[in-house]
Amino acid sequence: MDDPSAGDRVRLIDVARRCGVTKSVVSRVLNDDPSLNVRPETRQRIRAAALELGYRAHAGARALAGAETRALALLIPDLANPVYSRIIRGAYRRAREHGYVVLLAEDTADDGADEAFADLVEAGRVDGLLIASARPGHRLLSSARLARIPHVFVNREVPGSGRNVAMELAAASATAVRYLHGMGHRRIAMVSGPADLQPARLRERGFVDAVRALGLPSELVARGEFSEQGGASAAGRLLDREPGPTAVYCSTLGQAVGALHAIRTRGLHVPADVSVVTYDDLPLAGYLDPPLTSVAMPLLELGAAAVDAVLQQLAGGPAADVAIRVPPAIVERGSVRRLP
């Protein structure tokens, strides 16, 4: 393979290609990672290639290589999801109060982010982790180093980990159901999230338990991706049932936007024909047509509490589950009609 041109900065991947190893191995060799198990001749070959190619670590990478980086990493499922901007803000502000920065990564497998984030962890370049999402089978969860670095799970739970920082997700759905029931609705449907995501399962369980407790039908649930398209598709399947729902509860604001679209394309109106409530009270909800009634959750507090929990571990304290006790609250706007 050709060497990088003289006008380009030599990267870790260039050294890795020269030596026939992975970028992670090169990084760990050059950072003297004692836990790396490779032959001495491999280490020598990598160092010789780095010298020959003129590799120099980026200034930011050199800063991260110190014994204490003063950096926390936050892994989120989707940068496009506005809910996580609130969690990020809460985490960033609390971290800054304590002299830390927050590095952000998106949990996606289509561009190498999975490997890159795990490499960051395994190379010891962050002091702690806030894991707001990780796909089933994510390499990070099986990393041996994860057990040795302070970390918490945020807005998702790993049963038995003792490191969960969580809100009352099931209670949020129950709050929405009781509110709609109090407004006279008896056929209440839910646009739920993907079944393989633990937060989606918790919200769905809270919904099903609540409607059953009220003696209402519990089969009015359709799942979709946490996106506008996912919400439109799932809401469409619910609306096409006979009889259809009089109210739809959506488990994300993006899904609720999709549900509004599905309702309109069927010639129906909100709230005259179908009422809509969304989980996630974000500023956008108040500027839709009609403004969406929503369930407000303590997202800023969640991000701050996650940082506090990691810093407690860094200070030598034990890991522990943390429950955010701020209860879900209904924010009434114009998307729900009271039935006689």
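In this rough spin-label picture, where each label sits 7 Å from Cα along the Cβ direction, the residue 43-residue 70 distance is 3.0 nm.
Fully extending the segment from residue 332 to residue 272 would add 20.0 nm, taking 0.36 nm per residue of separation and subtracting the current Cα-Cα distance. Listed from fewest to most Cβ neighbours within 10 Å, the set 161, 251 follows the order 161, 251. Note on region 187-294: antiparallel DSSP beta bridges, both residues inside, total approximately 0 percent of the bridges counted. Its relative contact order, with pairs defined as Cα atoms under 8 Å and 6+ residues apart, puts the chain at 17 percent. Label sites at residue 96 and residue 195, each approximated as a point 7 angstrom past Cα along Cα to Cβ, lie 4.3 nm apart. The length gained on full extension between residue 205 and residue 85, counted as 0.36 nm times the residue separation minus their Cα-Cα distance, comes to 40.7 nm. Loop-resident trypsin sites (Lys or Arg not before Pro) (DSSP state other than H, G, I, E or B) in region 222-253 with no more than 15 further Cβ atoms inside 10 Å of their Cβ: 241. Calculated [222 nm] ellipticity per residue, helices only, for the chain: -12000 deg cm²/dmol; basis is -39500 (n - 2.57) per DSSP H run with n ≥ 4, divided by all residues, nearest 500. Reducing region 179-231 and region 270-340 to their Cα centroids gives an inter-centroid distance of 16 Å. I'd like the antiparallel share, as a percent to the nearest 5, of DSSP beta bridges with both residues in the chain. The antiparallel proportion sits near 10 percent.
Read-outs throughout are calculated quantities, based only on the coordinates presented, and are distinct from any laboratory measurement. Values in this document were obtained by computation on a predicted structure and should not be read as measured data. Because the Cβ atoms are built from the backbone with ideal geometry, glycine has one as well, and the counts that use them run over all protein chains shown.
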